[in-house]
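Before any comments, here is the structure.
The values are calculated or read from the model by the stated rules, or taken from the named source; none is laboratory data. Bear in mind that the values here come from a model prediction, so they are computed numbers and not experimental data. Please note: Cβ atoms are built from the backbone with ideal geometry, for glycine as well, and neighbour counts cover all protein chains shown. Heads up: the accessible areas ignore ligands, DNA and RNA and are worked out on the full protein's heavy atoms, side chains in. Shrake-Rupley method; radii C 1.70, N 1.55, O 1.52, S 1.80 Å.
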Amino acid sequence: MILSSYAHAIGQLRDPQFRRVIWFGVALAVALLFAMYALVLLAVQIFVPGTLTLPLAGEVSGLQTLLSIGSLLVMLGLSVFLMVPVASAFTGLFLEDVANAVELKYYPGLPAPTPVPLATALTDSLRYFGLLVALNLLGMVVFVFSGGLGFVVFWGINAWLLAREYFTMVALRRHPAAEARALQQRHRWRLWFAGMWLAVPLSIPILNLLMPVVGAAAFTHMYHRVQGRKPGSSATEHL
């Protein structure tokens, strides 16, 4: 079920709807990362003096340039961790498009879903973004102090959160909130394992730009599979 869900999702990457979401997600994610870096540079310019007098060494200049270069290297490293919540949160805003494209191709004849209101999607994305940033920063600290174990913690945390949020967002299109969350809880361990297949590639630069869309599509398939539907079957076969 899990492997076939991802295989179908990857196979649909050439779909125009998928490509549109990918480009929007990448553009917004990169723009946010650049904005964060611009704020760091602004802080350096405001709070770091151009020259500094040190005991014995005398007057030292070029600190702003040194810190600017150092902050760039730090941001490049942080992007491995931050791209997960950034790209995933933005993709959440476009999940409806991905899910609709998947259902149109693989699950024809379904009743029209109830669109999640934009305000709700935006609120959920911001909440999800804050939670992912906090936990990814925690995972980064664990990584620094524990070596390879940090990536295991990092992947495990993200697998759980990604699975919970993606599956729930898909289910909310066809179920009341309480029912959608109950469905996610009922299949939480299977979904967590599916989330690992998303969390690991999300930590790989370049590949992580595609994976939020792949994940949204894969969890759309996962939702229909736990409902007893198979890709390519019509809705009437399961009514």
Quick one: how many residues across segment 169-186 are more than 19 Å from residue 97 (Cα to Cα) and open to solvent by 20 Å² or more (accessible area, probe 1.4 Å)? 8
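Within segment 200-218, how many residues are touching a Ser or Thr at 6+ places or on another chain (Cβ under 7 Å) and either of a type in the set (S, T, N, Q) or closer than 14 Å to residue 25 by Cβ (or both)? Show your work before the answer.
Start the filter on segment 200-218 by keeping residues that are touching a Ser or Thr at 6+ places or on another chain (Cβ under 7 Å), which leaves 212-213, 216, 218.
From what's left, either of a type in the set (S, T, N, Q) or closer than 14 Å to residue 25 by Cβ (or both): 212-213, 216.
Residues that pass the stated criteria total 3.
Conditions (1) open to solvent by less than 50 Å² (accessible area, probe 1.4 Å); (2) within 18 Å of residue 10 (Cβ to Cβ); (3) part of a helix (DSSP H, G or I); (4) at pLDDT 85 or above, marked per residue:
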residue: 129; (1), (2), (3), (4): no, no, yes, no
residue: 134; (1), (2), (3), (4): no, no, yes, no
residue: 139; (1), (2), (3), (4): yes, no, yes, no
residue: 144; (1), (2), (3), (4): no, no, yes, no
residue: 150; (1), (2), (3), (4): yes, no, yes, no
residue: 194; (1), (2), (3), (4): yes, yes, yes, yes
residue: 197; (1), (2), (3), (4): no, yes, yes, yes
residue: 204; (1), (2), (3), (4): no, yes, no, no
residue: 225; (1), (2), (3), (4): no, yes, yes, yes
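What are the residues in segment 91-116 that are assigned to a loop (DSSP other than H, G, I, E, B) and either free of Cβ contacts under 8 Å to residues at least 60 places away in the same chain or of a type outside the set (Ser, Thr, Tyr) (or both), if any?
First pass over segment 91-116, keeping only residues assigned to a loop (DSSP other than H, G, I, E, B): 94, 107-116.
Matches in segment 91-116: 94, 108, 109, 110, 111, 112, 113, 115, 116.
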Looking only at residues in segment 157-168 that are open to solvent by less than 60 Å² (accessible area, probe 1.4 Å) and modelled with pLDDT of 85 or more, which one is nearest to residue 197 (Cα to Cα)? 159
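When you look at residue 189, is it in contact (Cβ under 8 Å) with a residue 40 or more places away in the chain, over 20 Å from residue 21 (Cα atoms) and either touching a Leu at 6+ places or on another chain (Cβ under 9 Å) or exposed (fewer than 12 other Cβ atoms within 10 Å of the Cβ) (or both), yes or no?
On the way: in contact (Cβ under 8 Å) with a residue 40 or more places away in the chain: no; over 20 Å from residue 21 (Cα atoms): yes; either touching a Leu at 6+ places or on another chain (Cβ under 9 Å) or exposed (fewer than 12 other Cβ atoms within 10 Å of the Cβ) (or both): yes.
So residue 189 does not fit the description; no.
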